[in-house]
1. Suppose the filter is loosely packed, with under 14 Cβ neighbours inside 10 Å and closer than 26 Å to residue 88 by Cα; does residue 155 pass it?
2. Of everything in the range 118-142 that's hydrophobic (A, V, I, L, M, F, W, C) and part of a strand (DSSP E or B), which residue is nearest to residue 157 (Cα to Cα)?
3. Based on what the data block shows, is residue 149 modelled with pLDDT of 95 or more, within 30 Å of residue 180 (Cβ to Cβ) and surrounded by fewer than 21 Cβ atoms within 10 Å (Cβ to Cβ)?
4. Filter the range 1-39 for residues that are under 17 Å from residue 59 (Cα atoms) and either exposed (fewer than 12 other Cβ atoms within 10 Å of the Cβ) or polar (S, T, N, Q) (or both); which is modelled with the highest pLDDT?
5. I need a count of the residues in the range 76-126 that are under 30 Å from residue 59 (Cβ atoms) and not charged (D, E, K, R).
6. Go through (1) of a type in the set (Lys, Arg); (2) exposed (fewer than 14 other Cβ atoms within 10 Å of the Cβ); (3) touching a strand residue (DSSP E or B) at 6+ places or on another chain (Cβ under 8 Å) and name the single condition residue 178 misses.
7. Of all residues in the range 39-51, count the ones that are in contact (Cβ under 8 Å) with a residue 60 or more places away in the chain and under 11 Å from the mean Cα position of the chain (by Cα).
8. Determine whether the range 185-199 contains at least one residue that is under 17 Å from the mean Cα position of the chain (by Cα), modelled with pLDDT of 95 or more and within 26 Å of residue 83 (Cβ to Cβ).
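The values are calculated or read from the model by the stated rules, or taken from the named source; none is laboratory data. Because the structure is predicted, anything quoted here is derived from the model rather than measured. Positions of Cβ are backbone-derived with ideal geometry, glycine not excepted, and every protein chain shown enters the neighbour counts.
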Amino acid sequence: MNFLRRSVLDRQLKHSLSRNKCRLDSGIRGLRKDMELTLEYGVKLHQIKINASKLSIGAYTDIVSGSELQNVSSIGRYCSIARNVTIGQNRKSHPLSWLSSHSGLVGLRQRQSPATSTHEEVKQTVVGHDVWIGMDVLILEGVTIGTGAVIGAQSLITKDVPPYAIVTGSPGKVQRYRFEPHIIDGLLASQWWNLTPHQLAELPIEDPEALLDALKGFVVPDSHPGKVVVRNQPFAVDYHAAQ
């Protein structure tokens, strides 16, 4: 794609994203071919690379520059993802039983001799709501990161992370949980992430137990914020207003 064509598409993309208070700083250069990206209201994606085939990112999530989204199908609302995080790394991209583990050489061999390709399906990673991922974290494909989890910087995540767990290390291990079990159960049942920031700011978010008391008898409704759906090569972008 030439520079002029890309500039035109980037302007079109930026206009559509701005209607939904979203940003995608890398523009179409950061998107893989034949992909579909859905962004809910207020998503901020800095200079990142997206290699996922179909990915949905929830409202108010912020992903800092240098991160790469590979085999991941969904990232929830209110997530904070730091610099240089990789989500959904293929576990089989560097086969140790071959002559060389070099991914380029492996790919060339598999194209020349398809029978050598693994037929095991690459599994998608799923990230829940309100997940905080620190700098330089690597998360392998097929992992589920539970809502409210915290992953410490430079951790390697090879298996599922429970909701509201604090995980660090290589490989990552649960160090503790953010709250007592009854509070975790209450927060998950409340589905508080369907509320807007302004609605949450009126509640005692500094004290989750008090927040649960405040929500007693109140059913948090399902929310359907505005969203932008981006498709690449062929390029298309659609805006869907909040319902």
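1. Details: loosely packed, with under 14 Cβ neighbours inside 10 Å: no; closer than 26 Å to residue 88 by Cα: yes.
So residue 155 fails the test.
2. Step one: filter the range 118-142 for residues hydrophobic (A, V, I, L, M, F, W, C), giving 122, 126-127, 131-133, 135, 137-140.
Those left that are additionally part of a strand (DSSP E or B): 126-127, 132-133, 138-140.
On the way: 126: 13, 127: 12, 132: 13, 133: 11, 138: 6, 139: 5, 140: 6 Å.
By that ranking, first place goes to 139.
3. Numbers: modelled with pLDDT of 95 or more: yes; within 30 Å of residue 180 (Cβ to Cβ): yes; surrounded by fewer than 21 Cβ atoms within 10 Å (Cβ to Cβ): no.
Considered against the rule, which asks whether it is modelled with pLDDT of 95 or more, within 30 Å of residue 180 (Cβ to Cβ) and surrounded by fewer than 21 Cβ atoms within 10 Å (Cβ to Cβ), residue 149 comes out as no.
4. The residue in question is 38.
5. Going through the range 76-126, the residues under 30 Å from residue 59 (Cβ atoms) turn out to be 76-90, 121-126.
Subsequent filtering for residues that are not charged (D, E, K, R) retains 76, 78-82, 84-90, 122, 124-126.
Residues that pass the stated criteria total 17.
6. (2)
7. Count: 1.
8. Yes, the range 185-199 contains a residue that is under 17 Å from the mean Cα position of the chain (by Cα), modelled with pLDDT of 95 or more and within 26 Å of residue 83 (Cβ to Cβ).
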